[in-house]
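The values are calculated or read from the model by the stated rules, or taken from the named source; none is laboratory data. As the structure is a computational prediction, the values presented were derived from the model and not from experiment. Here the Cβ positions follow ideal geometry from the backbone for every residue, glycine too, while neighbour counts run over all protein chains shown.
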Amino acid sequence: QLVESGGGLVQPGGSLKLSCAASRSFANIARMHWYRQSPGKPREWVAYISRGGTTVYADSVKGRFTISRDIAKKTGYLQLNNLEPEDTALYYCKVDDLLDIPSWGQGIQVTVSS
């Protein structure tokens, strides 16, 4: 089970930090991803962090978003900086376990507006 938190309304240029709390140990997680979906658009992959800590980002967020995780807290994070109205979306975390079986969170809304 995954539970996202930390979303909300922020002005352009602002920041938010999303959290994704997992019920399982990170020892059983191969990768944690963040995705987002805006109304009328397909779900878009944003970033992932591997079991070894390697991070990869979509070009649209590179340099502005940072993915991380706290293994002891079984929680992943997505730091969103310099937010733009185009970042408005429902953000989801997803984990792939060691058998590559995915699990999704319920999503958290991020709205960037003045």
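Determine whether ASP96 is under 14 Å from VAL112 (Cα atoms) and crowded, with 16+ Cβ neighbours inside 10 Å. It would help to see each step written out before you state the result.
Values: under 14 Å from VAL112 (Cα atoms): no; crowded, with 16+ Cβ neighbours inside 10 Å: yes.
In short, no.
Mind checking which residues of region 50-76 are within 23 Å of LEU98 (Cα to Cα) and within 10 Å of the chain's Cα centre (by Cα)?
Those that are within 23 Å of LEU98 (Cα to Cα) and within 10 Å of the chain's Cα centre (by Cα): ILE67, SER68, GLY76.
Would it be correct to say that SER15 is in contact with a Gly (Cβ under 9 Å, 6 or more places away or on another chain), modelled with pLDDT of 95 or more and small (Gly, Ala, Ser)? I'd like the intermediate steps shown before the answer.
Values: in contact with a Gly (Cβ under 9 Å, 6 or more places away or on another chain): no; modelled with pLDDT of 95 or more: yes; small (Gly, Ala, Ser): yes.
So SER15 fails the test.
So, in region 46-57, how many residues would count as being among the hydrophobic types (A, V, I, L, M, F, W, C), surrounded by 15 or more Cβ atoms within 10 Å (Cβ to Cβ) and free of Cβ contacts under 8 Å to residues at least 40 places away in the same chain?
Taking region 46-57 and keeping what is among the hydrophobic types (A, V, I, L, M, F, W, C), we get 46-47, 49, 56.
Remaining after also requiring surrounded by 15 or more Cβ atoms within 10 Å (Cβ to Cβ): 46-47, 49.
Checking the rest, the ones that are also free of Cβ contacts under 8 Å to residues at least 40 places away in the same chain come to 47, 49.
Count: 2.
If you take the residues in region 58-88 that are on the phi > 0 side of the Ramachandran plot and modelled with pLDDT of 95 or more, which one is surrounded by the most Cβ atoms within 10 Å (Cβ to Cβ)?
Going through region 58-88, the residues on the phi > 0 side of the Ramachandran plot turn out to be 63, 74, 82.
Pick out the ones that are also modelled with pLDDT of 95 or more and you get 63, 82.
Numbers: GLY63: 9, ASN82: 13.
My answer is ASN82.
Can you pull out every residue in region 5-16 that is in contact with a Ser or Thr (Cβ under 9 Å, 6 or more places away or on another chain), under 19 Å from ALA47 (Cβ atoms), not in a loop (DSSP other than H, G, I, E, B) and not polar (S, T, N, Q)? It would help to see each step written out before you state the result.
So the first thing to find is which residues in region 5-16 are in contact with a Ser or Thr (Cβ under 9 Å, 6 or more places away or on another chain), and the list is 5-12.
Now drop any that are not under 19 Å from ALA47 (Cβ atoms), which leaves 5-7, 10.
Imposing the further condition that a residue be not in a loop (DSSP other than H, G, I, E, B) reduces the set to 5, 10.
Residue satisfying the conditions is VAL10 alone.
Which residue out of THR88, THR75, THR66 is within 18 Å of LYS17 (Cα to Cα), without any contact (Cβ under 8 Å) to a residue 24 or more places away in the chain and of a type in the set (Val, Ile, Thr)?
Details: THR88 fails: without any contact (Cβ under 8 Å) to a residue 24 or more places away in the chain; THR75 fails: without any contact (Cβ under 8 Å) to a residue 24 or more places away in the chain.
Sole residue among the options that is within 18 Å of LYS17 (Cα to Cα), without any contact (Cβ under 8 Å) to a residue 24 or more places away in the chain and of a type in the set (Val, Ile, Thr): THR66.
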